[in-house]
Amino acid sequence: MSHNANTADSGKKGGISFGWILHSPLALPLIGLIVVSILMGFASENFFSVSNIMNVLRQVSIVGILAVGMTFVILTGGIDLSVGAVMALSGTIAAGLMVNTGLPGWIALLAGLGVGMGLGLFNGALVAWGRMPAIIVTLATMGIARGFGLLYSGGYPISGIPSWISWFGIGRVGIVPVPVIAMVVIYALAWVLLQRTPFGRHVYAIGGNELAAKLSGVKTQWVKLAVYGISGLTSALAAIILTGRLMSGQPNAGVGFELDAIAAVVLGGTAIAGGRGLILGTLIGAILLGILNNGLNLMGINPYMQDVIKGAIILLAIYIGREW
Amino acid sequence: MLQLTGIKKKFGNIQVLHGVDLDVRAGEVHALLGENGAGKSTLMKILTGILQPTEGTIRIEGEERKFANYDEAIEAGIGIVFQEFSLIPHLTAVENMFLAREVKNKLGLLDRRAMRERSKEILARLEVDLPLDVPITKLSVAEQQFVEIAKALSLNARILVLDEPTATLTPSEVEHLFKVMRELRKQGVAIIFISHHLEEIFEICDRITVLRDGEFVGDCNVSDVDNDRLVEMMVGRRIENSFPEKPGPRPGAKVMLECEEVQLRKNGPVSQFELREGEILGFAGLVGSGRTETALAMLGAFPATRCKVLVDGEETRFREPAEALAHGIGLLPESRKEQGLITSFSILQNISLNNYGKYRKYHWFIDLKKEMADSEAAMAQVRVKAQGATARVDTLSGGNQQKVVIARWLNHQMKVLIFDEPTRGIDVGAKAEIYQLMREFTAKGYAIIMISSELPEVIGMSDRVCVFRQGGIVATVEGDSINSEEIMTHATTGRVQNVA
């Protein structure tokens with residue numbers, strides 16, 4: 001079985017056995033997750049409490065959702081640096097529409113989604129038809145989106161949005177926070193898209209060999225447009241959660257989140273050059289990052305030192321996993 | 001001046017040069033002739049120290065020399081201009097000429113003025129005037145070549161190798177190059193000139209050495225031979241491969257694809273041809289003669305200045321290969337690794353890559369069972385030998401990989417398949433199987449365009465042959481005219497008509 005795409009099938013052969021996990025690209029991220037969890041468990045007795053686990057997952061949800069779109073983009077061999085800024089802009093615009101124009105909240109939220117997806121499609125069109133390098137295009141979009149958010153809001157958070165919006169950020173269903181449910185649903189949809197649709201195969205094919213894909217009749221430009229569109233959409237979905245949590249539109253939110261999202265994708269075993277990787281790996285990578293944040297906090301480590309440790313762990317993880 | 005005697009070269013068990021002599025005098029232009037694979041490039045790599053001969057001696061002015069590497073050959077006064085230039089695109093002519101041996105002033109900084117003066121001097125020696133301060137990419141191909149030549153001369157080259165220098169030049173640029181070559185000849189430089197264009201040999205060269213299949217065929221003065229004699233020396237007699245029998249002309253076969261005009265570049269030649277049901281149309285010609293580009297232009301994968309194609313009588317211009325696929329035209333590209341396969345995918349995924357229209361479940365999803373069944377059927381049809389459909393495609397042999405790329409097109413309603421160098425880099429047994437498959441396809445009514453640099457293959461497989469030269473079709477031959485002399489003559493001397 002090809003290493004990248006159909007892990008589910010390799011599992012089938014072994015029946016109930018889980019030996020396939022060792023041969024799967026998920027093996028290393030999973031081992032990393034387990035090792036870090038155990039270490040954190042020793043370091044802090046609260047770590048394994050249900051409430052702390054739910055807390056970690058809730059904290060992870062925003063970067064986790066950004067990382068979904070990032071996974072699609074990176075699988076094609078691209079990159080999207082604009083996700084943090086796009087998230088801030090679509091949240092700010094949604095909040096602004098609610099507060100300033102009196103538009104019903106749900107329409108404003110839809111408008112926010114439109115803004116995010118629109119900017120993503122803008123990126124995609126420039127990369128696919130404009131033949132410009134993704135890193136530059138999305139860097140420019142990052143600046144544009146950030147600037148527009150600040151212009152639109154005058155640089156201040158926009159508060160006074162309807163109180164029910166907070167459900168997206170801090171609501172719960174039973175003991176499970178709403179953002180966690182949203183994240184799981186989005187990952188499930190992404191898995192189906194990548195593993196069970198022609199579109200998903202084309203995403204992997206472009207990352208594996210774009211020229212071969214094109215010559216065999218794959219509409220590579222449309223596929224690229226779509227992956228950046230998806231990235232814009234997931235940024236805007238993350239914005240809804242963020243807005244609900246902060247109960248305001250924050251034009252300065254999400255600075256540097258694109259780097260966390262990229263780190264989650266790479267920690268999850270996706271090749272930065274594209275073509276290989278699994279969406280489940282990204283989820284593990286995002287949780288791994290979240291646990292590190294949470295655990296280092298619980299241990300009371302100096303926040304500046306935390307950044308150093310996280311950076312070192314990312315380097316170590318990539319070094320260990322560099323074969324695949 | 002330069003004497004190579006009894007040069008032999010073995011790569012592993014394969015003998016590629018069987019004792020070749022080359023004798024070049026000062027102040028002459030010496031042609032080195034032979035088909036693709038005759039051993040010219042290997043011989044030149046030995047001369048320039050890039051490869052070491054298994055046997056044989058190199059003498060320069062009577063003195064025996066051995067070159068451990070390229071630098072030692074340069075030291076000895078040998079310069080070479082490769083077919084693929086070794087210039088750095090964004091540097092200027094001066095910067096390129098002095099790359100890695102920059103002139104420095106007392107402070108250890110670049111002495112730009114000195115380098116510029118020296119460049120000017122050398123270019124003046126060539127009687128060439130070109131802009132020195134713009135990036136090399138802004139210069140024409142011919143000018144870039146002059147920079148390469150000047151670079152060799154600045155290293156005091158007395159023996160200059162030009163490997164197919166005219167392949168990418170326009171006729172007027174060729175004229176200019178010849179002027180420069182004559183100037184150098186007057187100055188006593190010995191030039192080894194490799195070209196497939198025979199009329200150029202007669203125009204510029206003094207003497208000729210011919211190689212065939214790694215053997216030394218002979219050398220002679222240009223004035224002692226004519227065109228036909230040269231072609232005969234180059235092609236010789238050959239053992240034909242075992243090709244499937246040609247079914248013979250089909251009366252009333254309908255035209256599947258009519259190419260009314262293809263012009264690859266501005267002011268280049270315009271080609272036209274038609275492709276009939278059930279035939280194999282060979283595209284013959286030298287490397288760089290525009291065969292692949294013409295095929296890619298029809299698919300929308302090469303930006304030609306003009307491209308008008310009728311499929312089943314309906315005019316089309318494809319913007320991308322996906323549109324060509326929708327009209328039943330598919331491609332087996334020249335390079336399996338770079339253009340054909342997704343190497344990280346399984347066989348199954350490589351075959352189904354452009355077939356998902358047929359493996360749908362609930363409209364949006366892949367029907368994995370049908371995907372597996374159809375792909376396995378396609379594998380069986382082209383006889384791919386593998387562990388199973390889920391084996392990674394990069395574990396297969398070249399021949400089996402090629403069959404996987406072919407299998408990709410089987411589940412479509414194909415009309416036309418373009419096979420670009422279908423047997424490159426695969427072994428004899430797999431070759432015969434691919435030939436067999438091609439005939440099976442034509443028997444089903446497909447039409448095939450086969451682009452090939454191997455003359456025996458073109459002759460053995462094609463029902464008709466379009467011969468390309470310098471970017472366009474110069475002749476179309478069929479029946480008994482499909483023989484090596486005829487094709488080589490067109491490919492090397494055919495008349496190109498440029499159209500504005």
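Any read-out appearing in this document is the output of simple, stated calculations on the displayed coordinates, not a laboratory observation. Because the structure is predicted, anything quoted here is derived from the model rather than measured. Cβ atoms come from the backbone with ideal geometry, glycine included; neighbour counts cover every protein chain shown.
For segment B:255-493, the Cβ-based charge dipole about the Cα centre amounts to some 880 debye (Lys, Arg positive; Asp, Glu negative; other atoms uncharged). Taking A:66, A:189, A:289 as the candidate residues, the one with maximal mean-square fluctuation in a Gaussian network model of chain A, Cα springs under 10 Å, is A:189.
Normalising by the residue count of chain B, find the relative contact order in percent from Cα pairs under 8 Å and 6+ residues apart. Present the calculation step by step, with values, prior to reporting the outcome.
Working: 967 pairs, mean separation 79.4, N = 500.
After rounding, I find 16 percent.
For chain B, what percent of Cα pairs sit more than 35 Å apart? Counting pairs separated by more than 35 Å, the tail of P(r) holds 43 percent.
Considering just Cα atoms, how many Å³ per residue does the convex hull of segment B:436-500 enclose?
Values: hull volume 6.4 nm³, N = 65.
Expressed per residue, the convex hull around the Cα atoms of segment B:436-500 is 98 Å³.
For a straight C-alpha distance cut-off of 18 angstrom, the aspartates and glutamates reachable from residue B:66 (same-chain residues fewer than eight places away being disregarded) are B:21, B:23, B:55, B:75. Shown in residue order for segment B:379-385 are the 3J(HN,Hα) couplings computed by the Karplus curve 6.51 cos²θ - 1.76 cosθ + 1.60 at θ = phi - 60°: 4, 5, 5, 9, 6, 6, 9 Hz (x for Gly and Pro).
Okay, helix-only estimate at 222 nm for chain A: each DSSP H run of n ≥ 4 adds -39500 (n - 2.57), divide by all residues, round to 500 deg cm²/dmol; what do you get? It would help to have the intermediate numbers written out before the result.
Working: 14 runs with 235 residues, N = 324.
Taking each H run of at least 4 residues, the total per residue is -24500 deg cm²/dmol.
In this structure, the pairs whose alpha-carbon distance is over 20 Å, taken from B:337/B:403; B:45/B:179; B:415/B:444; B:308/B:444, are B:45/B:179; B:308/B:444. Kirkwood radius for segment B:255-493, taken over all pairs of different Cα atoms as the inverse mean of 1/r, rounds to 18.3 Å.
Here's how it looks for residue B:31: its modeled amide H is under 5 Å from those of B:193, B:206, B:207, B:208, B:209, which are all 5 or more places away or on a different chain.
Mind sorting A:225, A:81 by how few other Cβ atoms lie within 10 Å of their own Cβ, fewest first? Numbers along the way, then the final one.
Values: A:225 21, A:81 24.
Going from least to most buried by this count: A:225, A:81.
Here is the list for segment A:24-56: chymotrypsin sites (Phe, Trp or Tyr not before Pro) lying in DSSP coil, each with at most 16 other C-beta atoms within 10 angstrom of its C-beta, are A:48.
In order along segment B:205-221, the Karplus-derived 3J(HN,Hα) couplings, from 6.51 cos²θ - 1.76 cosθ + 1.60 at θ = phi - 60°, round to 8, 9, 9, 9, 10, 10, 10, 9, 6, x, 9, 7, 8, x, 10, 6, 7 Hz, and Gly and Pro are given as x.
Two numbers describe the Cα atoms of segment B:9-56: Rg and Dmax, which are 11.5, 38 Å.
Exposed loop sites, defined as chymotrypsin sites (Phe, Trp or Tyr not before Pro) outside DSSP H, G, I, E and B with at most 12 other Cβ atoms within 10 Å, are absent from the longest region of chain B, namely B:1-361. Of the Cα atoms belonging to segment B:2-235, the radius of gyration and Dmax stand at 18.1, 62 Å. Using the Cβ of residue B:15 as centre and a radius below 12 Å, the other residues enclosed give a net charge of 0, where K and R count +1 and D and E count -1.
Which of A:93, B:122 comes first, and how do the rest follow, when ranked by fewest Cβ neighbours within 10 Å? Can you show the working numbers first?
On the way: A:93 25, B:122 18.
Fewest to most other Cβ atoms nearby, the residues stand as B:122, A:93.
Please go through segment B:178-243 and write out the trypsin sites (Lys or Arg not before Pro) that DSSP classes as loop and that have at most 16 other C-beta atoms within 10 Å. Don't jump to the answer; show the numbers that get you there.
Values: sites: B:179, B:182, B:185, B:186, B:207, B:212, B:229, B:237, B:238; in loops: B:237, B:238.
Answer in residue order: B:237, B:238.
Using only DSSP helix segments of four residues or longer, with each worth -39500 (n - 2.57), what per-residue ellipticity at 222 nm results for chain B after dividing by its residue count and rounding to 500?
When only DSSP H runs of four or more count, the value is -9000 deg cm²/dmol.
Rg ratio for the protein assembly as shown: its Cα radius of gyration over 2.2 N^0.38 Å, N being its residue count, equals 1.15. Across segment A:81-92, computed HN-Hα scalar couplings (Karplus, 6.51 cos²θ - 1.76 cosθ + 1.60, θ = phi - 60°) run 7, 8, 4, x, 5, 5, 4, 4, 5, 5, x, 5 Hz from first to last residue, x flagging Gly and Pro. Placing dummy labels 7 Å off each Cα toward the beta-carbon, the span from residue A:170 to residue B:107 is 6.5 nm. Partner lysines whose Cα lies under 22 Å from the Cα of residue B:138, excluding those fewer than 8 positions away in the same chain, are identified as B:120, B:151, B:266.
Rg over Rh for segment A:170-324 works out to 1.00, both radii taken from alpha-carbon positions and Rh defined as the Kirkwood radius. The spread of Cα positions in segment A:101-255, taken along each principal axis and listed from longest to shortest, comes to 53, 39, 26 Å. For segment B:24-129, the alpha carbon convex hull comes to 164 Å³ per residue, rounded to a whole number. In plain terms, if you count all Cα to Cα distances in chain A and split them into 10 Å steps from zero, the share in each step is 6, 26, 33, 25, 9, 1 percent.
Net charge near residue B:115, counting Lys/Arg +1 and Asp/Glu -1 over other residues with Cβ under 14 Å of its Cβ? Please list the in-between numbers first.
Numbers: positive: B:101, B:104, B:112, B:113, B:116, B:118, B:120, B:151; negative: B:95, B:102, B:111, B:117, B:121, B:133.
Surrounding charge for residue B:115 is +2.
Looking at segment A:115-176, the trypsin sites (Lys or Arg not before Pro) that sit in a DSSP loop and have at most 14 other Cβ atoms within 10 Å of their own Cβ are A:131. Calculated FRET efficiency, residue B:315 and residue B:23, Cβ-Cβ r, R0 45 Å, to nearest 0.05? Rounded to the nearest 0.05, the efficiency is 0.20.
In this entry, segment B:359-455 is assigned a mean projected area of 7.1 nm², taken as a quarter of its C-alpha convex hull surface. A cut-off of 5 Å between modelled amide H atoms, ignoring neighbours fewer than 5 places along the same chain, links residue B:273 with B:259. Helix B:141-154 and the long axis of chain B differ in direction by around 40°, with both axes built from C-alpha atoms. Dividing the mean sequence gap of close Cα pairs (under 8 Å, 6+ apart) by how many residues chain A holds gives a relative contact order of 33 percent. Within the listed set A:251, A:133, A:179, the residue fluctuating most in the Gaussian network model of chain A (springs between alpha-carbon atoms under 10 angstrom) is A:133. Scanning residues 5 or more positions from residue B:449 or on other chains, those with amide H under 5 Å from its amide H are B:281, B:417, B:418, B:419, with H placed 1.01 Å from N in the peptide plane.
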